[in-house]
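Report on one structure; see the data block that follows.
The values are calculated or read from the model by the stated rules, or taken from the named source; none is laboratory data. Computed from a prediction, not measured in an experiment: that's the story for all the values here. Using ideal geometry, Cβ is built from the backbone for each residue, glycine included, and neighbour counts are taken over all protein chains shown. Heavy atoms of the whole protein, side chains included, go into the accessibility calculation; ligands, DNA and RNA do not. Shrake-Rupley method; radii C 1.70, N 1.55, O 1.52, S 1.80 Å.
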Amino acid sequence: MSDATGPDREWAAWAEGVMARLDAQAQVDGELLAALGGSPNLREETLLRMAEAIRAATLGLGPAGCAAAAGVPERLLRTWQERQPAFAGAMAAAHALARSCALGADDGRSPPLTPVTLRVLLKQIRTGTRIPPAAAAVGVSVRTLNRLRQEHPRVDALIVAARRARPKRADRRGTSAYTNGYRLIRIDDAPTDSGTRTDEASPKG
């Protein structure tokens, strides 16, 4: 399960295509906004990231996984919850729903690896996170992930492709997964209690 002993060429080519499509999907909202003559807005950006965090919580992910799904540091996710009661309530309700459907980790079991959580895992690996913490963020042990890679060649191919797509070591040295790139957004109408300072740039999704 390494680059040297990775999947055959067919799975490798397929995985590279999937990663390219994931990258393209991350730009869709911006393209649609540009088509409407608009520009990125901090309020909308924050709400979209909050929605991704809530979605991840519904699927049983913990704080680290929800932050990774939203593309923000975990500390910023906590700040949003502290300053936005409605968001905190939505996150609590999402976690409760996950527990009621046996997707949470309260009973000691890991949540299943779904397409959404697999996407979060790949995103983490692609931005330079090592596999152990990336797996932990989505509630999967390294042992379980290794078993999945052995049983499902396409999962292994995707992880290998995500590793190959990571920034070069010199490019990411001394940086976090959230400082690899930024885009300019309009902040003049951002809510003052959003938990995001108006002088901060927004990380690319």
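Brief remarks follow.
- For region 31-160, the fraction of 1.4 Å probe accessible surface lying on carbon and sulfur atoms is 57 percent.
- FRET efficiency for GLU82 and GLU44, using Cβ-Cβ distance with R0 set to 22 Å, rounded to 0.05: 0.55
- For peptides 134-146, 82-94, sequence by mean Cβ density within 10 Å, most packed first: 134-146, 82-94
- Placing dummy labels 7 Å off each Cα toward the beta-carbon, the span from ARG9 to ALA35 is 3.7 nm.
- Residue-count net charge about PRO63 - beta-carbon cut-off 11 Å; Lys, Arg +1, Asp, Glu -1: +1
- Between GLN25 and SER100, the modelled label-to-label distance comes to 2.7 nm, taking each label 7 Å out from Cα in the direction of the beta carbon.
- For ASN41, nonlocal amide neighbours, meaning residues 5 or more places apart or on other chains whose placed amide H falls under 5 Å from its own, are ARG186.
- Relative to the Cα centre, the charge distribution of region 11-166, modelled as +1 at Lys and Arg Cβ and -1 at Asp and Glu Cβ, gives a dipole magnitude of about 480 debye.
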